[in-house]
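First comes the structure, then the notes that go with it.
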Amino acid sequence: MAKHVSAADIGLDLSQGDDQALFKWFIASFLFGKRIQQNIAVQTYRVIIEQHQRDTPRKLGNCSHRELVRMLGEGGYARYDESTATRLLKLCTKLNDEYQCKVSVIHQLSDNRADLEKRLNAFEGVGPKTVEIFMREAGPVWY
């Protein structure tokens, strides 16, 4: 696998700014930003997004904590599955409640790139590495 997994590597085309693709890339970036092997993060992404079709903030946010822990385990993401499940659910709640279920609204409400990155960092469990990974490919769509 490449040094950095790209959106295209997992079948995403971000060029049109499609909200569903941006959400999927945000979830992938969240998983890639953790201390876990890339192949496990990719497999876990595929289990959650493709196998269980939790491909929108509403669908993922409507999972129970237990369901999400089980999905993370299916992908091999077992080390921090409890805390990761909690943070993913909070991420979806924040997207649903504050950003109309759309990653693009985060961009629309941001004054500039720095403000956008600050808003992304405000999601629990999202840190500088996740923002860096996400913006590596979403940034050129917007800026």
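Throughout, read-outs are computed from the coordinates displayed, never taken from laboratory work. Bear in mind the structure is a predicted one, so any value in this text is a computation, not a measurement. A quick note on method: Cβ atoms are made from the backbone with ideal geometry, for glycine too, and the neighbour counts reach across all protein chains shown.
Which of Pro57, Gly73, Ala21 sits farthest toward the positive end of the charge dipole of the chain, with +1 on the Cβ of Lys and Arg and -1 on the Cβ of Asp and Glu?
Gly73
If one takes the longest principal axis of the Cα atoms in the chain, at what angle in degrees, from 0 to 90 and to the nearest 10, does the Cα axis of helix 65-74 lie?
That helix lies at roughly 80 degrees to the long axis.
With a cap of 15 neighbouring Cβ atoms within 10 Å, and only residues DSSP puts in a loop, list the chymotrypsin sites (Phe, Trp or Tyr not before Pro) found in segment 43-128.
Here the chymotrypsin sites (Phe, Trp or Tyr not before Pro) that fit, given the DSSP loop and packing criteria, are Tyr80.
If you put +1 on each Lys and Arg Cβ and -1 on each Asp and Glu Cβ, how big is the dipole of the chain around its Cα centre, in Debye rounded to 20?
360
Using just the C-alpha positions of segment 1-45 as equal point scatterers, what log10 of I(q)/I(0) does the Debye formula give at each q in 0.17, 0.20, 0.25, 0.28 1/Å?
Treating every Cα as an identical point scatterer, log10 I(q)/I(0) equals -0.43, -0.59, -0.88, -1.05.
Report, in cubic angstrom per residue, the convex hull volume of the C-alpha atoms of the chain.
Value for the chain: 94 Å³ per residue.
Let me have the 222 nm mean residue ellipticity of the chain computed from DSSP H runs of 4+ only, each contributing -39500 (n - 2.57), with the sum over all residues rounded to the nearest 500.
-18000 deg cm²/dmol
If Rh is defined by the Kirkwood formula over all Cα pairs and Rg also comes from Cα, what ratio Rg/Rh do you get for segment 59-143?
1.01
Give me Rg over Rh for segment 1-76, both radii from the alpha carbons and Rh done the Kirkwood way, two decimal places.
0.95
Points 7 angstrom from Cα along the Cβ direction at Lys59 and Glu82: gap in nanometres?
With each label point 7 Å from Cα toward Cβ, the separation is 2.9 nm.
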